[in-house]
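Values in this text are rule-based calculations from the coordinates and carry no lab data. This one's a predicted model, so the numbers in the text were calculated from it and none came from an experiment. Positions of Cβ are generated from backbone atoms using ideal geometry, with glycine treated the same way; all protein chains shown enter the neighbour counts.
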Amino acid sequence: MAFQDKPRKDWYRILGAEPSESLTELKQKYQKLILLYHPDKQSADVPAGEVEERVQRFIEIDQAWKILGNEETKKEYDLQRREDDLMQTWPVDAQICLDNMSWNKDEQCYTCSCRCGGKYTVSRNEAEEVTLVYCDTCSLIIEILR
């Protein structure tokens, strides 16, 4: 069985900040960026595609500040980031090249035996997208190398 991570927006990265920065420092970065990307501050000779990108960036900057500029929402966001970091640091038992896994014609998937007696299974479509696969009977995980 395989799994994928869901990407989330990194509000600190959007503001060009670090989680350790104070609220004052975050506010300064927000103010500098919001003035730079504000739709009213854009030059008239900017191509339409770039205007749309800048408006989108302006919206993201504003969203980042709404989350990081409030002590409660910042604390919630920081806790969620920490939880996501812990969830993504899975202990990888082994790294296996996809070519070294067995192809099962009947089930249309790649398999590899686990040391517990279980097996790692990944479909052809999943093999193109995921890099981590977990055992069907224990908590061990392998990383698929291409």
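Within region 11-87, the ratio Rg/Rh, alpha carbon atoms throughout and Rh by Kirkwood, equals 1.06. Taking +1 at the Cβ of each Lys and Arg and -1 at the Cβ of each Asp and Glu, which of C97, C138, N70 sits farthest along the dipole of the chain towards its positive end, judged by Cα position relative to the Cα centre? Looking along the dipole axis, the top candidate is N70. Taking K32 as the anchor, which lysines have their alpha carbon closer than 26 Å to its alpha carbon, excluding any fewer than eight residues away along the same chain? Those lysines meeting the cut-off are K9, K41, K66, K74, K75. Taking a straight Cα-Cα cut-off under 16 Å and skipping sequence neighbours fewer than 8 places away in the same chain, the aspartates and glutamates within cross-link reach of K29 are D10, E18, E21, E60, D62. Against the chain, whose longest principal axis is taken from its Cα atoms, helix 23-37 shows a tilt of about 80°. Mean residue ellipticity at 222 nm, helices only, the chain: -14000 deg cm²/dmol; runs of at least 4 DSSP H residues each add -39,500 (n - 2.57), and the sum is divided by the number of residues.
Unpaired Cys in the chain, meaning no second Cys C-beta under 4.7 Å: C97, C109, C112. With the convex hull of the Cα atoms taken as the outline of the chain, the averaged projected area works out to 12.7 nm².
The convex hull defined by the C-alpha atoms of region 46-124 has an orientation-averaged projected area of 10.5 nm².
Each semi-axis of the equivalent ellipsoid for region 92-145 is √(5λ) with λ an eigenvalue of the Cα gyration tensor; in descending order they amount to 16, 13, 9 Å.
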